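Everything below concerns the one structure shown next.
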Amino acid sequence: MSENPNPAHPAEPAASGSRTPYIAGNWKLWGTRAQAAEYCERLLKLLAQPEAAGSAGRAGNGITSRRRPEVGLCVPYTALETVSSALAGSGVIVAAQNMHQAESGAYTGEISAPMLLELGVDAVVLGHSERRQLFGETDRALGEKVPAALEAGLQPILCVGETEEEREAGDMERKLRHQVQEGLEQVADDRLADVLIAYEPIWAIGTGKVATPDQAQEATSFVRALVGDRSKDAAERVRVLYGGSVKPDNAGEILEQADIDGALVGGASLDPDSFARIVAAAE
Ligand code: PEP
């Protein structure tokens, strides 16, 4: 991380028009292989419908849109192969929900990047708040996982976000600065824009308490400015997602914010119909 005497300020003007929207569904601990296969079949049909035209291009129906969103599914390890073959040729991105930074070694229970690649995985969620809070994921480990994923050819989706107490204590920026700087520390400047960053306020995840559009814009703009402390060019290109109780009826106002390039969707992604409606809101 290069030194900047005035970190993260001022934010670069947003350039969301030039960034492709990205909507990822995070299934968390849901999805047997049978459920996964059924889900994918349903989702592909929905994405191919004209009203989901923004996503439909990913499903290969030939409809074009200037802001055609990329669509991704973050699924449990055991469903990866099923999902990857069910979605083959559709353009929908398949993501794991975690990985270990080492390729192999004495790390019982862990999964490495080459193992994911072998299953047809394109991306990996790193540092989801549930991994941080419930399973002891550290910023230090993430500082190794993010570049390991990139080097292996996986797109990292680095999650950051503050707790309610941190927000109330005025500590949001300090927390985000720490998480973004450590997570990206070992990533070369010219690869920064290959990382997707998901701003997910912990108080909004799975609680139904969505951040206001202004709160989400303020935080995502700050995250972009943190990337700008390393590289102005990367700050313009890096995609910053919002996550936290995104639903079909609130997605539009969140996604229209200048620094929000998409969403990481948990609960609402478990229903292909509501997920497809969120995708359509990103067009
Ligand atoms: C998530 O799992 O990353 C998430 C944002 O969950 P939810 O949409 O259910 O709040």
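The values are calculated or read from the model by the stated rules, or taken from the named source; none is laboratory data. None of these values were measured; they are calculated from a predicted model. Counting neighbours? That spans all protein chains shown, and the Cβs are built from the backbone with ideal geometry, glycine included.
Just to be sure before I move on: is G72 modelled with pLDDT of 95 or more and assigned to a loop (DSSP other than H, G, I, E, B) in the structure I sent?
no
Return the residues of region 176-232 that are of a type in the set (K, R) and out of contact with any strand residue (DSSP E or B) (no Cβ under 8 Å at 6 or more places or on another chain); say none if nothing qualifies.
R177, R191, K209, R230, K232
For region 181-199, enumerate the residues that are out of contact with any Lys or Arg (no Cβ under 8 Å at 6 or more places or on another chain) and under 21 Å from C74 (Cα atoms).
Answer for region 181-199, where residues must be out of contact with any Lys or Arg (no Cβ under 8 Å at 6 or more places or on another chain) and under 21 Å from C74 (Cα atoms): G183, D194, V195, A198, Y199.
So that you can scan it fast, the table gives a plain yes or no per residue for (1) crowded, with 18+ Cβ neighbours inside 10 Å; (2) away from the ligand (no atom under 15 Å from the Cβ); (3) small (G, A, S):
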{"site": "A225", "(1), (2), (3)": "yes, yes, yes"}
{"site": "D233", "(1), (2), (3)": "no, yes, no"}
{"site": "D261", "(1), (2), (3)": "yes, yes, no"}
{"site": "D271", "(1), (2), (3)": "no, no, no"}
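Please name all residue pairs, on different chains or six or more residues apart, with Cβ atoms under 9 Å, provided the first residue is in region 43-54 and is over 13 Å from G91 (Cα atoms) and the second residue is exposed (fewer than 15 other Cβ atoms within 10 Å of the Cβ) and at pLDDT below 55.
A53/T64; A53/S65
Tell me, please, whether a residue that is within 15 Å of the ligand (Cβ to nearest atom) and more than 25 Å from L270 (Cα to Cα) can be found in region 171-183.
Yes; the residues of region 171-183 include at least one that is within 15 Å of the ligand (Cβ to nearest atom) and more than 25 Å from L270 (Cα to Cα).
In this structure, does R191 turn out to be assigned to a helix (DSSP H, G or I), surrounded by fewer than 24 Cβ atoms within 10 Å (Cβ to Cβ), touching a Pro at 6+ places or on another chain (Cβ under 9 Å) and among the basic types (K, R)? Break it down into steps so the answer makes sense when it comes.
Working: assigned to a helix (DSSP H, G or I): yes; surrounded by fewer than 24 Cβ atoms within 10 Å (Cβ to Cβ): yes; touching a Pro at 6+ places or on another chain (Cβ under 9 Å): yes; among the basic types (K, R): yes.
Yes.
Just to be sure before I move on: is F275 more than 16 Å from the ligand (Cβ to nearest atom) and either touching a strand residue (DSSP E or B) at 6+ places or on another chain (Cβ under 9 Å) or among the charged types (D, E, K, R) (or both) in the structure I sent?
Against the criterion (more than 16 Å from the ligand (Cβ to nearest atom) and either touching a strand residue (DSSP E or B) at 6+ places or on another chain (Cβ under 9 Å) or among the charged types (D, E, K, R) (or both)), F275 does not qualify.
What pairs can you find where one residue is in region 239-251 and surrounded by fewer than 24 Cβ atoms within 10 Å (Cβ to Cβ), the other is among the polar types (S, T, N, Q), and their Cβ atoms are less than 7 Å apart, with a gap of 6+ or different chains?
Matching pairs, first to second residue: S245/T207; K247/S274; P248/S274.
Pick from L126, L119: which is of a type outside the set (D, E), within 16 Å of the ligand (Cβ to nearest atom) and closer than 25 Å to L80 by Cα?
L126
Can you tell me how many residues in region 235-259 are within 15 Å of the ligand (Cβ to nearest atom) and in contact with a strand residue (DSSP E or B) (Cβ under 6 Å, 6 or more places away or on another chain)?
Of the residues in that region, 6 qualify.
Given the criterion under 23 Å from G25 (Cβ atoms), within 16 Å of the ligand (Cβ to nearest atom) and not charged (D, E, K, R), identify the matching residue among G153, G161.
Going through G153, G161 in turn, the sole match is G161.
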